[in-house]
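The values are calculated or read from the model by the stated rules, or taken from the named source; none is laboratory data. Since this is a predicted model, take the numbers as computed values, not measurements. FYI the Cβ positions are ideal-geometry reconstructions off the backbone, even for glycines, and counts take in every protein chain you see. Each accessible area value is taken on the protein alone, full model and side chains, heavy atoms only, with ligands, DNA and RNA left out. Shrake-Rupley method; radii C 1.70, N 1.55, O 1.52, S 1.80 Å.
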Amino acid sequence: MEDGLPDRNLCLVVHSAGNASLMQRPMPSPGPMQLLIRVEAVRVQAIPVALADGTLVAPSGKPIVPGQEFCGVVVGAGSSVDRTDFPIGTKVAVAPRSFCESCYYCERGQTNLCEMGAELFGWHVDGGYQQYVCVSHRLCQSFDKNVSWKQAILAPSAAAASYGMTKASILPGDTVLVFGTNVCSLMGIVFSRGLGAESICVVGSPGASPQQALSCGATKFVHWDPSGDEGQQYQNLRAVILEETDGRGADAVMFASDHGTGVPDMYVAVRLVRPGGCIVGVRVWEGAADADALGGEKAACIVEKLHSKDIRYISVKGFSMSLFEQALRWIEGGLLSLGPDVEDCLPLNAWDEVHKKGAEGISTCILCPQL
Ligand SMILES: [Zn+2]
């Protein structure tokens with residue numbers, strides 16, 4: 001263990017639906033295969049916000065510390081961990097979801113379907129909204145000490161977007177439609193560009209700045225106002241996509257679950273993707289495509305278009321550790337630097353203020369529990 005560790009650990013605990021508060025817990029102690037991590041940065045995402053405001057309840061129904069994506073410094077290790085891999089002081093990013101790496105699904109990269117029961121941090125088990133956390137060493141990936149927390153925190157989104165856009169088989173000259181300007185969407189733009197897409201149209205909420213998306217490689221930016229006329233906005237977007245594609249439709253459409261634009265994503269995607277095209281949904285969890293909430297007519301349209309247009313749907317819920325490592329190597333090499341776009345680094349006690357920023361705004365904030 002690192003010398004001088006405190007004996008208390010400041011955590012944000014969601015005690016029950018909508019009832020969250022900061023509290024001190026005893027310092028955790030790593031199990032044999034675990035590392036003790038001093039959390040330096042944790043992303044603010046839709047699930048922590050929903051847990052804290054009570055719109056989602058963790059599956060166990062017990063108190064939980066939110067925070068899926070986090071990184072930090074190794075300050076201790078269990079007895080069975082090879083210390084040469086993780087010396088004290090190593091900077092590590094933590095994969096957001098646990099998996100065994102050896103079952104039928106893990107060997108195919110479908111780690112979200114792990115037969116050993118994949119667990120998501122901040123949902124099934126305590127996550128990164130705390131100063132110290134113990135995690136399996138197998139979920140940790142070290143990175144260069146010169147990489148900032150702002151950059152390293154992008155690794156899970158980069159790995160997810162890379163996985164999805166690669167499976168979408170984007171070819172040089174293709175047209176891609178992306179919903180949202182959150183980190184995952186921006187990564188989708190970067191990878192689409194890298195794979196050779198020529199035209200990348202991004203849809204953002206009224207307050208979203210086109211600049212971030214354009215600097216990542218987007219070629220067109222369309223605002224979508226959730227309070228505006230949905231039919232009219234759809235027609236405007238459709239006109240843009242058809243003009244770009246000689247009337248065919250986009251070769252691929254990509255969105256992450258927390259894009260926050262108000263676009264009814266699947267309903268718009270199935271109509272604007274070309275026949276034989278591909279839709280990539282990143283981290284779209286159970287219930288997100290709720291047919292009742294969407295309305296029967298729209299749900300029926302989605303099913304009909306998926307079949308009649310021969311659309312491929314790719315759901316990205318996980319990625320292999322090798323892809324996670326690759327994402328960190330890209331970040332180290334300066335290939336995926338979105339550093340300036342992570343705008344706010346705030347202390348843990350600012351969680352309430354950050355959560356109130358709303359869906360699209362929160363994605364550029366990180367909490368830094370050591371501040
Ligand atoms: Zn497995």
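The table for this structure:
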read-out	value
Shape of the stretch 160-316, Cα gyration tensor, a/c cut at 1.5	rounded
Tail beyond 38 Å, pair distance distribution of the chain (Cα, percent)	16 percent
The stretch 293-307 versus the stretch 29-99: alpha-carbon centroid distance in Å	38 Å
Length-normalised contact order of the chain in % [C-alpha pairs under 8 Å, at least 6 apart]	18 percent
Listed residues C278, C71, C106, most fluctuating in the chain (Gaussian network, C-alpha, under 10 Å)	C106
The stretch 193-284: GluC sites (Glu not before Pro) in DSSP loop, at most 15 other beta carbons within 10 Å	E198
Cα gyration tensor, the stretch 37-155 - rounded (a/c under 1.5), prolate or oblate	oblate
Local net charge near S192, Cβ-Cβ under 11 Å (Lys/Arg +1, Asp/Glu -1)	-2
Accessible surface of the stretch 1-121, 1.4 Å probe, proportion on carbon and sulfur as whole %	50 percent
Sum of side-chain charges, G122 neighbourhood, beta-carbon under 11 Å (Lys, Arg +1; Asp, Glu -1)	-1
Length-normalised contact order of the stretch 160-316 in % [C-alpha pairs under 8 Å, at least 6 apart]	24 percent
In the stretch 18-125, chymotrypsin sites (Phe, Trp or Tyr not before Pro) in a DSSP loop with at most 14 other beta-carbon atoms within 10 Å	Y104
Partners for K309 among lysines (Cα-Cα distance below 21 Å; same-chain residues under 8 apart left out)	K167, K298
Of all accessible heavy-atom area on the stretch 160-316, the percent that carbon and sulfur account for (1.4 Å)	50 percent
13 Å beta-carbon shell around S142, net charge (K/R +1, D/E -1)	0
Probe 1.4 Å, accessible area per residue of the stretch 171-263, Å²	37 Å²
Computed [θ] at 222 nm, helices only, for the chain once each DSSP H run of length n ≥ 4 contributes -39500 (n - 2.57)	-8000 deg cm²/dmol
Between 0 and 90°, nearest 10: helix 296-308 axis offset from the chain longest Cα axis	80 degrees
